[in-house]
Every structure is written in C-alpha cells, then in structure tokens.
Amino acid sequence: MGKERLLDSDHSKDVFAYFGLAVYYSQALEQQLANLLMLMKLSQGNIPSEEDFEELYQSKLSSSLGQLVQEIQHYFPFSEEETIQLKKVWKQRNYIVHDYFKERIHETFSPAGRSRMIRELTNFKDQAQELEKKLQGYSRELYVKLGLEKDFTPKQKI
C-alpha cells in the first residue's frame, strides 16, 4: 500500500513538472517574440537611440503573449500556418495558465487522469518549443542581415 502511495505521489509530481515545462516554453516563446519584434524595428530603422531601444525592449518584455502575437503580425510575414499555430499556442497557454487545474482537478486523483494531463501538457510544450525554435531561426537571419552576428558569437576560451 505504501508503494502505491509513493507512485501516486511521484506521478502527481510529474503532472506539476510538466505543467512547469509548459509554462516555461510559453515564456521562452514570449521572449523570442519580443526579440523578433525588436529586430524587426531595428531592420526598419524605427529605433532612433539606444535609450529608446532599451525602453521599448523593456516594454516588450512586460507585454503578454497575446499582445506580442497581435503586434508581431504587423511586422513579420508569417505564413498562414504559422499565424494559426501562434494563435493556437497563445489560446492554449492562456487556458493552461488560468484555467487548467480549475477545470481538470478531478483528473489529478487517478493515474489515468494524470497520464492524460501529462500527455496534453507535453503536447503543448512541444508545440511552444517548436515555435520558439522557429522564431530563433528568424532572429538569427535578421542578426545576419543587420550585421549583428559578430556581436552574438560566443567568445572563445583561452
């Protein structure tokens, strides 16, 4: 009986760990959207001074995922599929952060329910991570286009 409780306890911890990963990757996606927005503004010459750049960047970092998704569409030519994917992840993120456990708490009491939750959270994490990597690629392309790549290369250890 004690072993079953331990397994249930570990399984419950897994649900919270995957919830944490889902939130982490949605925040990583927010960061990449803010970075991409700033690079787009730089590429268009819309930032007149370093102080203005820093102020705008801090503003973007405090924007919600929804605000960033809405704004980036005005600056970056995402494909229709990418736009749909961004909006889907945005809505799923809001559900996970604001309502997930309120609506699914009963599922945490059974191994089958917890397993479903883990699969669902893993699926979301994978989608957010995939989008975040795609945005990293777009950012790298802009770094090169703007001639900033030399500023972002790791320093060699001597």
>> Return the residues of the stretch 36-51 that are open to solvent by 30 Å² or more (accessible area, probe 1.4 Å), assigned to a helix (DSSP H, G or I) and not acidic (Asp, Glu); say none if nothing qualifies.
In response: Leu42, Ser43
> Has the stretch 94-108 got any residue that is more than 13 Å from the chain's Cα centre (by Cα) and part of a loop (DSSP other than H, G, I, E, B)?
Replying inline: yes
>> Going by what's in this entry, would Ser115 be described as at pLDDT 95 or above and open to solvent by less than 90 Å² (accessible area, probe 1.4 Å)?
In response: yes
> Which one of these is part of a helix (DSSP H, G or I), surrounded by 17 or more Cβ atoms within 10 Å (Cβ to Cβ) and of a type outside the set (Lys, Arg): Gln129, Gln58, Gln70?
Replying inline: Gln129
> Has the stretch 36-58 got at least one residue that is modelled with pLDDT of 95 or more, over 15 Å from the mean Cα position of the chain (by Cα) and either over 21 Å from Tyr143 (Cα atoms) or among the basic types (Lys, Arg) (or both)?
Replying inline: no
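Suppose we filter Glu82, Glu54, Glu107, Glu71 for residues that are of a type in the set (Asp, Glu) and touching a residue at least 40 places away in the same chain (Cβ under 8 Å); which single one remains? Full working, then the answer.
Working: Glu54 fails: touching a residue at least 40 places away in the same chain (Cβ under 8 Å); Glu107 fails: touching a residue at least 40 places away in the same chain (Cβ under 8 Å); Glu71 fails: touching a residue at least 40 places away in the same chain (Cβ under 8 Å).
Exactly one residue qualifies, and that residue is Glu82.
Considering only residues that are of a type in the set (A, V, I, L, M, F, W, C), open to solvent by less than 60 Å² (accessible area, probe 1.4 Å) and part of a helix (DSSP H, G or I), which ones fall in the stretch 77-93?
If we filter the stretch 77-93 for residues that are of a type in the set (A, V, I, L, M, F, W, C), which is where we start, we get 78, 84, 86, 89-90.
When the remaining residues are screened for being open to solvent by less than 60 Å² (accessible area, probe 1.4 Å), the result is 78, 86, 89-90.
Within the stretch 77-93, Leu86, Val89, Trp90 qualify.
The values are calculated or read from the model by the stated rules, or taken from the named source; none is laboratory data. Because the structure is a prediction, the values reported are computed rather than measured. Reconstructed Cβ throughout: ideal geometry from the backbone, glycine too, with neighbour counts over all protein chains shown. For accessibility, only protein heavy atoms count, side chains too; no ligands or nucleic acids. Shrake-Rupley method; radii C 1.70, N 1.55, O 1.52, S 1.80 Å.
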